[in-house]
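The values are calculated or read from the model by the stated rules, or taken from the named source; none is laboratory data. No experiment lies behind these values; they were computed from the predicted model shown. In this analysis, Cβ positions are derived from the backbone assuming ideal geometry, glycine residues included, and neighbour counts consider all displayed protein chains.
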Amino acid sequence: MTSTVFYTATSLDGFIAGPGDSLDWLFTRKQERDGPLNYDDFIAGIGAVAMGRTTYEWVLNHENDNWPYDLPAWVFTNHELKKVDGDIRFAKGDVTEHHAAMVEAAGDKGVWVVGGGDLAAQFADAGLLDEVIVYIAPVFLGAGAPLFPRHQELELVELAQNIEFACARYKVARVVA
């Protein structure tokens, strides 16, 4: 069965992006590329991605309008966005309206909720989020985009260290209203 996973990094005080949607804090941290819960192993098991507008625009801005994924991608937005080459589908409405198509496109692989926290919470609210994998950086940002904007119960299933990061994998335990 296909899993839907929120794989991300966060500051110690719970922000996935700093003020102005900055990720500068993340790229100054040391990690082993083949360490625990690493990106390369993770992405090898992914067949489709979902992201919000802010993440999409950040990716395009930092990749010089080159789409970095060879996977079908759903971009959840109510805005008109620039389309670049790649299998990109702009999605409006509730995540439940699009999840079955994402799972079908992923085949025997997983669906990655790339960002942000509010989108991941929408999947969780609908009972569609299975796991959260998070790299926790040793930095306080003080403000920014929250990791997850509401209460959600999780069960820790794996914990490791990758040089400067604490790495944790959680099973989504239950939705809390």
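Only residues that are assigned to a loop (DSSP other than H, G, I, E, B), surrounded by 13 or more Cβ atoms within 10 Å (Cβ to Cβ) and at pLDDT below 95 were counted across region 8-34, and they come to 6. Scanning region 102-125 for residues that are over 14 Å from the mean Cα position of the chain (by Cα) and within 18 Å of Arg89 (Cβ to Cβ), which turns out surrounded by the fewest Cβ atoms within 10 Å (Cβ to Cβ)? The extreme case among them is Gly107. Among the residues making up region 123-141, a single one is touching a strand residue (DSSP E or B) at 6+ places or on another chain (Cβ under 8 Å), more than 22 Å from Ala166 (Cβ to Cβ) and not in a loop (DSSP other than H, G, I, E, B): Phe123. Take region 39-75 and flag every residue that is among the aromatic types (Phe, Trp, Tyr) and in a helix (DSSP H, G or I). Once the filter is applied, which keeps residues that are among the aromatic types (Phe, Trp, Tyr) and in a helix (DSSP H, G or I), region 39-75 yields Tyr39, Phe42, Tyr56, Trp58. From the list Val49, Val111, the lone residue that is modelled with pLDDT of 90 or more and in contact with a Pro (Cβ under 9 Å, 6 or more places away or on another chain) is Val49. The test for being at pLDDT below 95, out of contact with any helix residue (DSSP H, G or I) (no Cβ under 6 Å at 6 or more places or on another chain) and either acidic (Asp, Glu) or assigned to a helix (DSSP H, G or I) (or both) does not hold for Glu104.
Limited to region 60-101, what total is found for residues that are out of contact with any Lys or Arg (no Cβ under 9 Å at 6 or more places or on another chain), aliphatic (A, V, I, L, M) and in contact (Cβ under 8 Å) with a residue 12 or more places away in the chain? Counting residues in region 60-101 that are out of contact with any Lys or Arg (no Cβ under 9 Å at 6 or more places or on another chain), aliphatic (A, V, I, L, M) and in contact (Cβ under 8 Å) with a residue 12 or more places away in the chain gives 4. Among the residues of region 1-48, those that are more than 22 Å from Leu128 (Cα to Cα) and among the hydrophobic types (A, V, I, L, M, F, W, C) comprise Leu12, Phe15, Ala17, Leu23, Trp25, Leu26, Phe27.
Scanning region 107-133 for residues that are among the aliphatic types (A, V, I, L, M) and either farther than 23 Å from Leu60 by Cα or in contact with a helix residue (DSSP H, G or I) (Cβ under 6 Å, 6 or more places away or on another chain) (or both) yields Val111, Val113, Val114, Ala121, Ala124, Ala126, Leu128, Leu129, Val132, Ile133.
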